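Before any comments, here is the structure.
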Amino acid sequence: MANDDLLQRFIFENAPVRGEFIHLQQSFQEIVSQHAYPPSIRQLLGEALCVAGLLSAIIKFSGRLTVQFRGKGKLKLLLAQCDNQFHVRGLAKYEGDMSYDDLMESFNQGVLVIMLDSGTGKNRYQGIVSWRGNSLVASIEGYFRESEQLATRIWLAVNDTSAAGLLLQVVPGKDHVASGIENEIIHPNWQHLTRLTDRLELEDMFRLDYQRLLGKLYPEEAIRVFESVPVKFQCTCSRKRGSDAIALLGREEAEDELKNNHSIVVTCDFCNQDYIFDRVDVAKIFEDKDRPPPNTQLQ
């Protein structure tokens, strides 16, 4: 393959515009193989994973970025996550058969959000993304243009084995508008670079490595390319999270479940890993939950 699983940042030397390229192959295959997704869902999930990776690279934070949709139509849930170490995971929940166009229509019956989670006990950010243009790309671009005041363009491609994306964005600068630089310099450069990128043949994102892709798109532009970073699938599930889920279920409901089964099986939606808890395990979960905290009072 032309590219491994990676994210590549770059910046134009003579224009205040930055860019990113993401390519997912093994990670994409690991994620979509966890469930029997139809082609339309595989395409949408690939797009959402690329968006999550691209946005994680332009937002400096420590934690996890989530692109999430919850709806009342055929598409119930779309979830794509990427943390600051570029570990990705994702899933989709849906009902019935649907085409890709049907999926796009489903976005009119729910809420699309971008969330930043910096860790337990810390502030979380959530931005609601207005659905527009009948595409995930147009909606994310509109969010950055209107909510963040940043011109942003995204190009996405998904095939049977890989997902890839390219992002261009004006570099933020507080003095741009006040000094008149935006109209005189930024806008013409932005228009020029996006016109060049609109010539992109989506198959090139799979066929060419990022050096040749940038050279083909911007043959006369001076570009500074930063070190690429690997992207990989990683799930954060654990047996401890499984026991926490049973504790939230409650003692009575857990015991009802054990009446019909010898154990409770907690299955991770992301990776399909099963965590099995027998009667002894479940009893210990609630013993630990009910145990009072240790006395830390000074004697």
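Only the coordinates and a few stated rules stand behind these numbers; no lab work does. Small disclaimer: the values here were computed from a predicted structure and weren't measured. No Cβ is skipped: glycine too gets one built from the backbone with ideal geometry, and neighbour counts run over all protein chains shown.
Using the 10 angstrom Cβ neighbour count as an exposure proxy, how do 125, 37 rank, fewest first? Display every interim value, and only then the final one.
On the way: 125 14, 37 17.
The order, fewest Cβ neighbours first, is 125, 37.
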Over 30 Å between Cα atoms, which of 232/259; 60/232; 60/284 qualify?
-> 232/259; 60/284
Which whole number of Å³ per residue matches the convex hull of the alpha-carbon atoms in region 122-254?
-> 228 Å³
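Over region 93-170, consider all pairs of different Cα atoms and compute the Kirkwood hydrodynamic radius from their mean reciprocal separation; express it in Å, one decimal. Each step should come with its number before you reach the end.
Working: mean 1/r = 0.0685 Å⁻¹.
Over region 93-170, the inverse of the mean reciprocal pair distance is 14.6 Å.
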The Cα extents of region 34-157 along the principal axes, largest first and rounded to whole Å, are 38, 31, 26
Magnitude of the charge dipole, region 6-233, Cβ model with Lys/Arg +1 and Asp/Glu -1, debye to 20 = 680 debye
R0 of 41 Å, Cβ-Cβ distance residue 149-residue 216: FRET efficiency to nearest 0.05 = 0.85
Which Cys residues of the chain have no other Cys Cβ less than 4.7 Å away and so no disulfide-compatible partner by this rule?
-> 50, 82
Do the sum for the chain: with -39,500 (n - 2.57) for every DSSP H run of n ≥ 4, divided by all residues, what is the mean residue ellipticity at 222 nm, to the nearest 500 deg cm²/dmol?
-> -10000 deg cm²/dmol
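Based on alpha-carbon atoms only, what is the radius of gyration of the chain relative to the globular estimate 2.2 N^0.38 Å?
1.18
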Which is farthest toward the positive dipole end of region 71-176 among 126, 94, 157, measuring Cα position about the Cα centre, with Cβ charges +1 (Lys, Arg) and -1 (Asp, Glu)?
-> 126
Which aspartates and glutamates, on any chain, are close to residue 76 with Cα under 18 Å apart, when same-chain ones fewer than 8 places away are left out?
-> 47, 95, 97, 101, 102, 105, 269
